[in-house]
Amino acid sequence: ACNMQCRYCYLEDHTVDTLRGGDCLETLQYAIAKFREADVVPFNISLHGGEVTTLPKQEFHDLIQYISSYYQDMRELISYAVFWLE
């Protein structure tokens, strides 16, 4: 359950329930594939709001793991970009 109590939350009192989830990882994989196709490395990937914390624990873990592995794959490119900026 989310305890952030954001005023703009569209889940309102339903945050005590666990969301069904199901296609969050698929959506993330699709978005990252599009980043790769466009040769773009986003500065960050944000999981906005508290509703993501109402996902089943394993699904939330899978999202974080996928994002971590994406940045691990891009580490050399990111390091080079930082070096070049200095």
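The values are calculated or read from the model by the stated rules, or taken from the named source; none is laboratory data. Keep in mind that this is a model prediction, so the values were computed, not measured. Positions of Cβ are generated from backbone atoms using ideal geometry, with glycine treated the same way; all protein chains shown enter the neighbour counts.
Inside the range 53-86, residues that are in a loop (DSSP other than H, G, I, E, B) and modelled with pLDDT under 70 make up a count of 1.
Scan the range 33-72 for residues that are closer than 18 Å to Met4 by Cβ and charged (D, E, K, R) and the total you get is 2.
Scanning the range 1-13 for residues that are in a loop (DSSP other than H, G, I, E, B) and at pLDDT below 65 yields a count of 2. I'm trying to understand the selection: among the residues of the range 37-52, which are part of a helix (DSSP H, G or I) and either touching a helix residue (DSSP H, G or I) at 6+ places or on another chain (Cβ under 6 Å) or modelled with pLDDT of 85 or more (or both)? Within the range 37-52, Glu37 is the sole residue that qualifies.
The residue that is nearest to Gln72 (Cα to Cα), counting only those in the range 14-36 that are modelled with pLDDT of 80 or more and of a type in the set (Val, Ile, Thr), is Ile32.
Look at the range 56-76: where a residue is in contact (Cβ under 8 Å) with a residue 24 or more places away in the chain, no partner that is part of a helix (DSSP H, G or I) and among the hydroxyl-bearing types (Ser, Thr, Tyr) sits 6+ places away or on another chain with Cβ atoms under 7 Å.
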